[in-house]
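Single-structure report; data block below.
The values are calculated or read from the model by the stated rules, or taken from the named source; none is laboratory data. Predicted model only: the values in this text are computed from it and were never measured. So basically every Cβ, Gly included, is an ideal-geometry build from the backbone, and we count neighbours across all protein chains shown. Remember, those area values only see protein heavy atoms, side chains included, never the ligands or the DNA or RNA. Shrake-Rupley method; radii C 1.70, N 1.55, O 1.52, S 1.80 Å.
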Amino acid sequence: MKLSFTGEDTSRWVLGFTRATVLFLFFFVLAQPLSIAGAEIAFAVAGACWLVRVAILRRDTLQSSPLDVFILIFWVLCAISALLSPLPASSWEGMRKILLIFLVLLIAHNVPSPKRTRQFLAVIFLAGLISVGYSAWQYIGGAGARVVTCDPDGLVYQAGIRPGDVIVSAGDRHIRGPEGFLAVLKSTSPTNGLKLGVVQDAVSSELILDKDAAHIILPARPEALPSTLQTLGVTLAVARPPRARGFYSHFITYSDEMQMLLAITFGLWLSFRRRGQEHEEHQAQFPAFWFGVLAVIFGLTLGATLSRSAWLAGTFGLLVQLWFHVRRPAIRLLLPIVMIFALFGTNFAVQHWRGVSLFNVQDPSSQYRLLMWRDGLRLIRQHPWFGVGQNVVRDDWPVYNLDAFRLQGVRSHFHSTPMQFAVELGIPALIAWIAFMAAYWRLLARLVAQAREHPDPVLYGVSLGILGGTSGFLANSLVQYNFGDSVVVLLFWFLMGLALATRRHIAAR
């Protein structure tokens, strides 16, 4: 039976799927800094609704962009690598992250006006502030009870808890400090044991994650459980997250998020400040002030992640914005000097707060990178054309004899996007990727020049901010595999789609 639609039916269906697409895109933008699962689900539903809408209309719906060919070539090379992989299931799983680039097309086709751009930005700034508030609440209220000392003859030590561990739950209750732990302890029946959630060695790992907690039982005893810390033989303190991570599971991911939000708000601040100065528009001073406040908040939160590479990448992104915004040669000459001072300042700061230098071969993370990069170069020489396949090294690492995995016992990635792509996808895919990013950066540079003359300061600020955020993200990708982090790369693709939509809005002037 063949279904047929009248023109009125088609319009109704198209309108319905258009509204559904936009609704779930707003859910995606709201969830992106707050919930990994929520953002991915909203993105998937929005994408499905949009594809159905495109299928109904069939024509006059898709618009080309200068990046389409680059995206297609990169996709094809990634697919060939997956087909030739020794572990196809692992590599096709990795293709899921590559296919997130679809978000670029989804956003570019569903931002019909600068008004929608403003709405999306308002929502993501709000979500970003919520994540910042949560980070502050974790630090002020505590994230658990940190074990400072532990008597070897005490009940806690005998249960397997050691100094440096963090108790995050007792019974069925999440605890935020010693008082919460004692409250649960006093209310526990003498004949029942007490189940504790303990993140072991959390202090040295710099992460306090409930999902990493091991379950340890304080056994039932004929007498009541000790109701004081002294009788338990333990000293506790409030455990505060050593590095801000918001709702994410890792501070590195969060630092990339904050770096890009900082860049967008800084670009908008520059744009509205310029509008107020050059055109003496006092109404432009009000948004300029609040964008400046947002930039300070996101900048301080970026600082609280204590990520040295993200600090420098964020600084680089801001300086790129200033280079394009400020036209006086004398000021431009100062920007490289500022970057040099940022290098020294970052080195001093990480030595003070983390006890490591900017680059130290004795630092375990630096050692890990060097070992992975050395083995990465070896694997590139052995598999130059289509790589070893995505996730193959992760799932079958003994075959490739990686020293970092063997010596440090950590199965991770190559801590560099170019290195990761070259190893897993091959040199042609890496070249295609570099060409893609170069074309995008060039498009952004031109977009900033065009938006500067546009009467809407939001378009110029967004263009400038995306250029800075992209520059910082790409700089950080040299020493972090941030393009493999589906959480934060969704924000990168979102901003790319927003840039393409902004380009269309400026051209329609």
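Inside the range 232-260, can you point out the residues that are touching a Pro at 6+ places or on another chain (Cβ under 8 Å) and either among the basic types (Lys, Arg) or at pLDDT 95 or above (or both)? Scanning the range 232-260 gives a single hit, GLU257.
Among the residues of the range 125-137, those that are in contact (Cβ under 8 Å) with a residue 60 or more places away in the chain and open to solvent by 10 Å² or more (accessible area, probe 1.4 Å) comprise PHE125, LEU126, LEU129, ILE130, VAL132, TYR134, SER135.
Listed here are the residues, each with its yes/no results for (1) under 30 Å from ALA89 (Cβ atoms); (2) modelled with pLDDT of 95 or more; (3) in contact with a Ser or Thr (Cβ under 8 Å, 6 or more places away or on another chain); (4) open to solvent by 60 Å² or more (accessible area, probe 1.4 Å).
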| residue | (1), (2), (3), (4) |
| --- | --- |
| VAL320 | no, yes, yes, no |
| ILE331 | no, no, no, no |
| ALA342 | no, yes, yes, no |
| SER357 | no, no, no, no |
| TRP373 | yes, no, yes, yes |
| ILE380 | yes, yes, no, no |
| TRP385 | yes, yes, no, yes |
| VAL388 | yes, yes, yes, no |
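Just one of the listed residues (VAL423, VAL448) is of a type in the set (Val, Ile, Thr), touching a helix residue (DSSP H, G or I) at 6+ places or on another chain (Cβ under 7 Å), at pLDDT 95 or above and closer than 25 Å to ASP363 by Cα, and it is VAL423.
One residue stands out in the range 459-483 among those that are open to solvent by 10 Å² or more (accessible area, probe 1.4 Å) and assigned to a helix (DSSP H, G or I): the one that is farthest from ARG116 (Cα to Cα), namely ALA475.
When the range 484-502 is filtered for residues that are open to solvent by 10 Å² or more (accessible area, probe 1.4 Å) and either of a type in the set (Asp, Glu) or out of contact with any Ser or Thr (no Cβ under 8 Å at 6 or more places or on another chain) (or both), the ones remaining, listed by number, are ASP485, SER486.
Scanning the range 379-411 for residues that are part of a loop (DSSP other than H, G, I, E, B) and charged (D, E, K, R) gives ASP396, ARG411.
All of ILE98, ILE56 fail the test of being farther than 26 Å from ILE130 by Cα, within 26 Å of the chain's Cα centre (by Cα), β-branched (Val, Ile, Thr) and modelled with pLDDT under 95, apart from ILE98.
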